[in-house]
Every structure is written in C-alpha cells, then in structure tokens.
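Trainee: Sending over a structure as structure tokens; questions will come in a sec.
The values are calculated or read from the model by the stated rules, or taken from the named source; none is laboratory data. Quantities reported herein were computed from a predicted structural model and do not represent experimental measurements. Cβ placement follows ideal geometry from the backbone for every residue including glycine, while neighbour counts extend to all protein chains displayed. The protein model used for the area step is the full one, side chains on, heavy atoms only, and it has no ligands, DNA or RNA in it. Shrake-Rupley method; radii C 1.70, N 1.55, O 1.52, S 1.80 Å.
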Amino acid sequence: MTAVNSAGEIGQSSQVSATPTSVTPATITITGTILYQDKEYGVNGFTGNQPFKAVRFATVELVSEASSSVLYSALTDSTGAYTIPNVTPPTTMVYVRVKTQATLSGGTPQITVNTLSNSIYAALSDDFIASGNANVNISVTSASIGGAFNLLDVFTNGFQFVNSLAGTYPPDLSAYWPNSYGTYYCKGYDAQCGKGEGIYVLNSVGGDTDEYDDDVLYHEFGHFTTAHFSQDDS
C-alpha cells in the first residue's frame, strides 16, 4: 500500500496478512416465553375477556425443519419462560415447538393432553436460522388449540393442589379432546373410554364445549383423584 499527497508518493508499506474467523459462536442459547389464551368467565358465563396465561412446566423442543428431529428440549417454568442452553448452531432451519405435556417432578411428563387418535397437541414457532442467541416466543390463541393448553393448565393446578395436601402427586394423567360423547373420567371399563383411563372432554356437540369450562374440568379431576386416593371407582 502507498499513500499520495501534494508532496508526492511514499514507498510501500510492510506486507501484512490476516485470517478471518467465524462470527458464529461455538454454542448459543435459545430463550423465550410460551403463553396461551384463556377465556375468563363469571357467574353469568364468559365475560369476553381473553387474557394470555403462562404455559407452565411444558415440554419445549428445538426441532430441525429438514428432518423433523428433536435437537434439544427443555421445560417452561411457572411463568412460561424457557431456556435451551449450549446449543450447537444447526446448519439448517429450525423451529421451537411446545407440547401439551407437563412435568412437575421427575424426568417424564405426568400430564398429557391428546387427540382421540393419541396425538399430542403442539404449537410451533416460525422457522429461523439459529446462528446466534435467539429469543423465540409462542402465543397459542383460543381460536387455534388454546383449549388443549387450558386443559393442561387446569390439571396442573389439580396436581399441585393434591401435592399440597398429600405430599405426593397423583399418577400420570392422560386427557383426550375433542370428545363427542361428553366430559367424564373413566378407568377403561366402558366402551366410551376407548383410549383407557383418562379424562375425556366434550367439544362441539350442539354448540357446547368444555375445554374452557374449568369447573367441569375440576369436577372430573376430582373423580380421577378419588379413584386413586380412595375407593371411588367413578
């Protein structure tokens, strides 16, 4: 390199070399908050207010868009926040997925909300390239599958209540929605309990739905609880 001004041109500078380094860090962190839309109601029915609430203790996964394989997983906390640390930046597009599974203790989900075909509900983020730390939030609306996440929330409350009294959680609970026969708990002895023991929740029969009727859901959770802590077989 030389420089030129009114006095003339100076000699060449000394030669130097440089090797560029990657701007992608060795590991990154994915964080975010998961919310679902509730339906508030009072003595006269639903008020029309639909606040967003935390999706608590739920399974969150970082998924490869190309292969659909789960790369990393974590749980939301009591505020719906999650952190997936030490992620090796993928070379392809990824997305975040939250599932209707809650884990309150131990390493496996204790509460699961399924379809009648035994599929677990999940809400997905947009695809993105994880080349650096990212904040990925998901808000599940009542117009989509918010009802499935409300079931998860209500039964999580039930598990916490039982634990506060008994010092232990109930056994694993499966819920199934939508169900065309009604809302009920059963232990698998009835033809209407085709998936075995669980709480089956009504949806869209004559316009009636129960996925946001919290008092109905708590009632059925009571049958589930007494079936396991007492002699009531419902």
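Trainee: Taking a 1.4 Å probe, which of K53, K99, K187 shows the most accessible area, and what order do the others take after it? Write down the numbers at each step before the final one.
Mentor: Numbers: K53 65, K99 40, K187 90 Å².
Largest to smallest exposure gives the sequence K187, K53, K99.
Trainee: Which Cα, out of A134, T92, L124, lies furthest along the positive dipole direction of segment 76-234 (beta carbon charges, K/R +1, D/E -1)?
Mentor: About the Cα centre, the residue reaching furthest to the positive side is T92.
Trainee: For the chain, what % of the accessible area comes from carbon and sulfur atoms, probe 1.4 Å?
Mentor: Details: 6110 of 12280 Å².
C and S fraction of accessible area: 50 percent.
Trainee: Using only the alpha carbon atoms of segment 93-207, find the Kirkwood hydrodynamic radius as the inverse mean reciprocal pair distance, in angstroms to one decimal.
Mentor: 15.8 Å
Trainee: Give the Rg (one decimal place) followed by the Dmax (whole number) of segment 17-113, computed from C-alpha coordinates and expressed in Å.
Mentor: Rg then Dmax for segment 17-113, in Å: 18.4, 77.
Trainee: Which value does Rg/Rh take for segment 78-120 over its C-alpha atoms, Rh per Kirkwood? Present the calculation step by step, with values, prior to reporting the outcome.
Mentor: Details: Rg = 13.9 Å, Rh = 13.3 Å.
Result: Rg/Rh = 1.04.
Trainee: Follow-up question, since we're still on this one. Can you compute the helix-only [θ] at 222 nm over the chain? Use -39500 (n - 2.57) per DSSP H run of at least 4 residues, normalise by all residues, nearest 500 deg cm²/dmol.
Mentor: Taken over the chain, the calculation gives -5500 deg cm²/dmol.
Trainee: Taking the alpha-carbon distance from K195 and a cut-off under 26 Å, which lysines remain once sequence neighbours fewer than 8 residues away in the same chain are dropped?
Mentor: Straight-distance partners of K195: K99, K187.
Trainee: With every protein chain in place, what's the accessible area of T108 (1.4 Å probe, Å², nearest 10)?
Mentor: 90 Å²
Trainee: Also, quick follow-up: Quick one: what does P(r) look like for the chain with 10 Å bins over all Cα pairs, in whole %?
Mentor: All Cα pairs considered, the percentages come to 7, 27, 28, 17, 8, 4, 3, 3, 3, 1, 0.
Trainee: So what is the relative contact order for the chain, in percent, with contacts set as C-alpha pairs under 8 Å and at least six apart? Walk me through the numbers on the way to the answer.
Mentor: Details: 487 pairs, mean separation 38.0, N = 234.
Reported as a whole number, the value is 16 percent.
Trainee: Something else: Suppose every Lys and Arg Cβ carries +1 and every Asp and Glu Cβ carries -1, with no other charges. What dipole size does segment 104-210 come out with about its Cα centre, to the nearest 20 debye?
Mentor: Dipole about the Cα centre, nearest 20: 160 debye.
Trainee: I've got another one for you. Given a 1.4 Å probe and the protein chains all in place, what does the accessible area of Y181 round to, in Å² to the nearest 10?
Mentor: 150 Å²
Trainee: Can you find, among Y41, T79, P171, the residue farthest towards the positive end of the dipole of the chain? Put +1 on the C-beta of Lys and Arg, -1 on that of Asp and Glu.
Mentor: T79
Trainee: Moving on to the next point. In a GNM of the chain with a 10 Å cut-off on Cα contacts, which of S164, S131, S139 has the highest mean-square fluctuation?
Mentor: Evaluated over the chain, the most mobile residue of the options is S164.
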